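The values are calculated or read from the model by the stated rules, or taken from the named source; none is laboratory data. Here the structure is a predicted model, which means the values were calculated and not measured. Note that we place each Cβ from the backbone using ideal geometry, even for glycine, and neighbour counts take in every protein chain shown.
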Amino acid sequence: MKTRGFEVAKGWEDKDINLPERKTKFAAGYDFECAEDIVVPSFKKGDAPTFIPTGIKAYMEDDEVLYLYNRSSNPKKKGLILANSVGVVDKDYYGNPDNDGHIMFAFFNVKDEDITIKKGECIGQGVFMKYLLTDDDQADGERTGGFGSTSK
């Protein structure tokens, strides 16, 4: 029986993807790697964030969420900041029909020059957490798509 963990997302099976792992025994976060070389352009007003593929999807229990955080060194060393501050991966994102639950990090580059992220570079971390519901919670909707589809 699976409780929580990571798998390679569909379409990435033959791309030599490493599953996220903790580097030390007291680390809360699982380190995610970039799945392919990608350029994050220097930010210009009106730009959309650059989505960094990981080739990874995550499964978890019903009352859990996976939070995605930036690496602490990314803003200073590479000028990379997460567009949404913290990414939220819900349980029902796993295996969705649009992208199989493929996890991506959305970055802006605040440096004056474009930044290249190489395949295998650590780009962020994921932390699994329990969450609570209110007494009057009535949510009964079902996910019908992938990234950004919750309110559609």
* Asked: Does Lys45 fit the bill of being surrounded by 12 or more Cβ atoms within 10 Å (Cβ to Cβ) and part of a loop (DSSP other than H, G, I, E, B)?
  -> no
* Condition met for Lys57 (surrounded by 13 or more Cβ atoms within 10 Å (Cβ to Cβ), touching a residue at least 40 places away in the same chain (Cβ under 8 Å), in a loop (DSSP other than H, G, I, E, B) and not acidic (Asp, Glu)) -> no
* To do: Give the residues of segment 1-20 that are surrounded by fewer than 12 Cβ atoms within 10 Å (Cβ to Cβ) and either in contact with a Phe, Trp or Tyr (Cβ under 9 Å, 6 or more places away or on another chain) or among the small types (Gly, Ala, Ser) (or both), sorted by residue number.
  => Lys2, Thr3
* To do: Please list, ordered by first then second residue, the pairs with beta carbon atoms under 7 Å, 6 or more apart or interchain, first in segment 102-122 and within 28 Å of Glu7 (Cα to Cα) and of a type in the set (Lys, Arg), second outside any strand (DSSP E or B) and at pLDDT 95 or above.
  => Lys118/Cys34; Lys118/Asp37; Lys119/Cys34; Lys119/Ala35; Lys119/Glu36; Lys119/Asp37
* Run down Asp90, Asp37 and say which single residue is modelled with pLDDT of 95 or more, in contact with a Leu (Cβ under 9 Å, 6 or more places away or on another chain) and among the acidic types (Asp, Glu). => Asp90
* Asked: Taking Glu33, is it under 13 Å from the mean Cα position of the chain (by Cα) and either surrounded by 12 or more Cβ atoms within 10 Å (Cβ to Cβ) or closer than 17 Å to Ile103 by Cβ (or both)?
  -> yes
* Structure fact -> The condition of being small (Gly, Ala, Ser) and closer than 17 Å to Gly101 by Cα holds, among Ala9, Ala27, Ala83, Ala48, only for Ala9
* Asked: Here are some residues: Ala28, Ala83, Ala106. Which one is among the aliphatic types (A, V, I, L, M), farther than 25 Å from Thr144 by Cα and out of contact with any helix residue (DSSP H, G or I) (no Cβ under 6 Å at 6 or more places or on another chain)?
  -> Ala28
* Structure fact -> Among residues of segment 43-54 being in contact (Cβ under 8 Å) with a residue 60 or more places away in the chain and either in contact with a Gly (Cβ under 9 Å, 6 or more places away or on another chain) or among the basic types (Lys, Arg) (or both), the residue nearest to Ala106 (Cα to Cα) is Ile52
* Within segment 97-134, tally of residues that are in contact with a Phe, Trp or Tyr (Cβ under 9 Å, 6 or more places away or on another chain) and not basic (Lys, Arg) -> 23
* What single numbered condition from (1) closer than 17 Å to Ile115 by Cβ; (2) surrounded by 14 or more Cβ atoms within 10 Å (Cβ to Cβ) fails to hold for Glu64? -> (1)
